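Heads up: the structure comes next, in structure tokens.
The values are calculated or read from the model by the stated rules, or taken from the named source; none is laboratory data. Quick caveat: nothing in here was measured; it's all calculated off a predicted structure. FYI the Cβ positions are ideal-geometry reconstructions off the backbone, even for glycines, and counts take in every protein chain you see.
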Amino acid sequence: MTNPKLTFCARSHRGKIRKKNQDALAVQEQLLVAAIADGIGGGAHGDVASQLAVDACIDYLSSLENTNPRSPDAVTKELANAVKFANEAIMTVQANDQRYQNMGTTLSCFWLKQYLTQGQENQQYAYQLHYAWVGDSRIYRIRPAENTIEQLTEDHTLNPEKIDARQAPKLHQRASSILTQKVGSILLLKPDIGSAPLLTGDIILACTDGLSDRIEEARLLEYAISHQHHLEKYADRLLEDALDRGGQDNISFIVAQLSNN
């Protein structure tokens, strides 16, 4: 098989309000994997949790290099295992040091794989993006050639439509920011998983809510189309706009684009 070319670019900024950056991200370009996390808890060491999560996730996936799972089901299963491994790492630290008992984090990760779709005499390849997540750090697939953007992950947050705004107005207002699942909460964590086909020119955007809460999907797509041949400029534009729109939270994201080169 040929090696797919996935160009990565990442940004992480404290924002204009927060005293700390509790986001963390990691990229392993050789394996075509990446992870992003948004720490929870402020004084409860969310920055420690997020960094530990992405490091443990990437370490686990890197350890598979020799075995290299090849089937789509095996790949998504290993991504889920990577999130569980990160969860266990955080919970081990929590158990050994009381300072970290309340720390937690979101965690989203993805892995690009290439599959042979026809016989050896007429080789053709398809690319599949596999992903796993816990929390509300999102993964989007952007297809500039077709002017489309799709949120692949689903936020693990309360649904405001299921909360009576008259009975609980404050909870209704905050619902979309209250996590229903996080890494570092329960030992038997069940990450969600998924996969989606990727075409040449497609852009993967993995981000914390400091970006997705500031910039709507239509604008994420608009900027991607404008800068589809300049990934660094796309990243700079996203960060600039998120800051211009308040920058109330930490802002972190990874963009990656598939090419033939």
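Per-structure values
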| quantity | calculated |
| --- | --- |
| Any chance Leu64 is at pLDDT 90 or above, of a type outside the set (S, T, N, Q) and part of a loop (DSSP other than H, G, I, E, B) | yes |
| Which listed residue, of Ser50, Ser108, is under 23 Å from Leu205 (Cβ atoms) and part of a helix (DSSP H, G or I) | Ser50 |
| Residues of the stretch 204-261 classified as hydroxyl-bearing (Ser, Thr, Tyr), over 19 Å from Ser12 (Cα atoms) and part of a helix (DSSP H, G or I), total | 1 |
| Which numbered condition Lys84 fails, given (1) in contact with a Ser or Thr (Cβ under 8 Å, 6 or more places away or on another chain); (2) at pLDDT 95 or above | (1) |
| Check on Val48, modelled with pLDDT of 95 or more, of a type in the set (A, V, I, L, M, F, W, C), buried (at least 17 other Cβ atoms within 10 Å of the Cβ) and under 20 Å from Ser195 (Cβ atoms) | no |
| Unique residue being closer than 12 Å to Ile142 by Cα, modelled with pLDDT of 95 or more and within 19 Å of the chain's Cα centre (by Cα) when the list is Leu239, Leu231, Leu198 | Leu198 |
| Test: Ala86 is of a type in the set (A, V, I, L, M, F, W, C), out of contact with any helix residue (DSSP H, G or I) (no Cβ under 7 Å at 6 or more places or on another chain) and outside any loop (DSSP other than H, G, I, E, B) | no |
| Filtered residues of the stretch 58-73 (kept if under 19 Å from the mean Cα position of the chain (by Cα) and buried (at least 17 other Cβ atoms within 10 Å of the Cβ)) | Ile58, Tyr60, Leu61 |
| Those residues of the stretch 24-42 which are surrounded by fewer than 21 Cβ atoms within 10 Å (Cβ to Cβ), among the aliphatic types (A, V, I, L, M) and in a loop (DSSP other than H, G, I, E, B), in sequence order | Leu31 |
| Residue count, the stretch 216-235 (criterion: without any contact (Cβ under 8 Å) to a residue 60 or more places away in the chain and surrounded by 15 or more Cβ atoms within 10 Å (Cβ to Cβ)) | 4 |
| Residues located in the stretch 243-252, provided they are in contact (Cβ under 8 Å) with a residue 40 or more places away in the chain and either farther than 26 Å from Lys113 by Cβ or out of contact with any Asp or Glu (no Cβ under 9 Å at 6 or more places or on another chain) (or both) | Leu243, Gly246, Gly247, Gln248, Asp249, Asn250, Ile251 |
| First in the stretch 69-90 and of a type in the set (Lys, Arg), second anywhere and part of a helix (DSSP H, G or I), Cβ under 9 Å, 6 or more apart | Lys84/Tyr60 |
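Yes/no matrix, rows are residues, columns are (1) touching a Lys or Arg at 6+ places or on another chain (Cβ under 6 Å); (2) closer than 23 Å to Asp209 by Cα; (3) surrounded by 19 or more Cβ atoms within 10 Å (Cβ to Cβ):
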site: Ala44; (1), (2), (3): no, yes, no
site: Ala56; (1), (2), (3): no, yes, yes
site: Thr76; (1), (2), (3): no, no, yes
site: Asn81; (1), (2), (3): no, no, no
site: Ala86; (1), (2), (3): no, yes, yes
site: Gln98; (1), (2), (3): no, no, no
site: Gly104; (1), (2), (3): yes, yes, yes
site: Lys113; (1), (2), (3): no, no, yes
